[in-house]
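The values are calculated or read from the model by the stated rules, or taken from the named source; none is laboratory data. Being a predicted model, the structure only gives us computed values, none of them experimental. Neighbour counts run over all protein chains shown; Cβ positions are idealised from the backbone, glycine included. Ligands, DNA and RNA are stripped out before the accessible areas are found, and what is left, the full protein with its side chains, is counted by its heavy atoms. Shrake-Rupley method; radii C 1.70, N 1.55, O 1.52, S 1.80 Å.
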Amino acid sequence: MTKGNHNLTINGEEIAPGQQKTLMLKMPELYDWTPLSMPVHVIRGKQPGPTLCVTAAIHGDEVNGVEVVRRLLKRSALKKLTGTLIAVPIVNIYGFLYQNRYLMDRRDLNRCFPGSEKGSLAARLAHLVTTELIAKSTHIIDLHAGSLHRTNLPQIRANIDDAATKDLAHAFNVPVILHAELRDGSMREYATSQGIPFLLYEAGESLRFDEVSIRSGVNGILSVMVALGMLPPQKLATRHIEPTVVRHSYWVRAPRSGVFRPHKGLGKSVKEGEVLATIANPTGREEHKVLVPDSGIIIGKSNFPMTHEGAALFHIACYDKPHHVAEQVENLQEVFAEYDVDSL
Ligand SMILES: [Zn+2]
C-alpha cells in the first residue's frame, strides 16, 4: 500500500475513498473476559491526499484530548475533506476506564513503541498501534495533558529541525513550540524515525476538562488540516497566534517539603531572582521563598497544594523575549474565551 493513495485497509477492513467507518480494533480482554476494543473513526474524502492520524489518551487519564477528538468529529468542515482522517479518541482504554495514566501491568504505553506481537501487554498494544495506525499514516497528532496534578500551557512539542514538522507545528497556532528530540520509546520517537511528521499537543491537566486547551486543540488540528490541503481555508481562531520556538526548558523543584503557594500562574513570564512560590510549614509560621533560577515563561505548573522536597513545581521555557510569549498566551485565552461552546 502506498500511503495517502486510494487503498486503505485497517483492521482487515478496506475503507474506500468517500467512505466513513468506525472500526473496533480488538484488544486483550479484561480478566473477567469482558471484551475490549479501541474505536477508530476513519473518514475518507473522495480526493486523494494526506492521511492524518489523531490519537488521544495514550495516557488513559489525559481526557482533554478525548473531548478534542469528539468535537473535531462533529465539525461539518469534514464533509469537504481531501485525503483521510483517522481519529482515535481513546488509545489506552484500560487507563481511561481506571482513570489512570498507565496500563493494567503498570507500564507506560508511550514508552513501549514500536512494541511486539509477543511482548508485554503494553508492547502488544504498541504493536497494534504501530501496525494498524502509524504504518497507515502520513502525519500524526498525539494529544496529551499534564500528569500528577500538573497543568500545561497549550503547547506543541516536535522536532522542528525537520522542515515539514516545523511548518505543521507553526500551523497549529499555539503560543509555544518546544523543540524536542527524544529517545524514550514513545510513539513520537518511533513515528519520527519512520519519517512521519509528528506533533505532540500538550495542554491542561489530566482528569480535567479545560475549555481553552480543548478549543485550542480542535482549532489547531483544523488549521494543520488546512495547511496540509486536507480542508479548504476557513475561518478558525479570530486572531493569529505567533508561536515562539523554545529549545530549552527546565523544572523548578521544591527545595523543601511543605504547603506550596504559587505566586505566578501559567503563561506568565518570570525573571531571574523573582519570587515564584512560597513553601510553608503547614503547622507553623516559617516560610521559604522559591526564586526563579533563570528567566523564561511558565509552561507547566503543579496544582497540588502540598509538596515534597524534590517535587516538580514549575516547568519553565527559556526564551530571550518571554514578554512576547506572555502576550500570545493572553491572545490565545481571549480568542478561545470568545467562542460559544455550541459552535464547537
Ligand atoms: Zn501524556
Take the residues of region 281-299 that are buried (at least 17 other Cβ atoms within 10 Å of the Cβ) and modelled with pLDDT of 95 or more: which is nearest to GLU202 (Cα to Cα)?
-> VAL292
Selection status of THR192, farther than 23 Å from LEU72 by Cα, in contact with a strand residue (DSSP E or B) (Cβ under 7 Å, 6 or more places away or on another chain), assigned to a helix (DSSP H, G or I) and β-branched (Val, Ile, Thr) = yes
Those residues of region 89-135 that are under 21 Å from THR51 (Cα atoms), within 16 Å of the ligand (Cβ to nearest atom) and more than 20 Å from the chain's Cα centre (by Cα) come to a total of 0
Is it the case that some residue within region 48-66 is open to solvent by 20 Å² or more (accessible area, probe 1.4 Å), within 16 Å of the ligand (Cβ to nearest atom) and outside any loop (DSSP other than H, G, I, E, B)?
-> yes
When you go through VAL226, VAL270, VAL245 one by one, which is the residue that is crowded, with 22+ Cβ neighbours inside 10 Å and not polar (S, T, N, Q)?
-> VAL270
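Test of understanding: among LEU168, LEU199, which residue is away from the ligand (no atom under 16 Å from the Cβ), open to solvent by less than 20 Å² (accessible area, probe 1.4 Å) and either in a helix (DSSP H, G or I) or at pLDDT 95 or above (or both)? Step through it out loud before you land on a result.
On the way: LEU199 fails: away from the ligand (no atom under 16 Å from the Cβ).
Going through LEU168, LEU199 in turn, just one is away from the ligand (no atom under 16 Å from the Cβ), open to solvent by less than 20 Å² (accessible area, probe 1.4 Å) and either in a helix (DSSP H, G or I) or at pLDDT 95 or above (or both): LEU168.
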Identify, from the list HIS127, HIS144, HIS179, the residue that is open to solvent by 40 Å² or more (accessible area, probe 1.4 Å) and assigned by TED's automatic domain parsing to the domain that holds GLU67.
-> HIS127
Run LEU73 past the list (1) open to solvent by less than 80 Å² (accessible area, probe 1.4 Å); (2) more than 18 Å from VAL218 (Cα to Cα); (3) outside any loop (DSSP other than H, G, I, E, B); (4) out of contact with any helix residue (DSSP H, G or I) (no Cβ under 7 Å at 6 or more places or on another chain) and report the number of the one that doesn't hold.
-> (2)
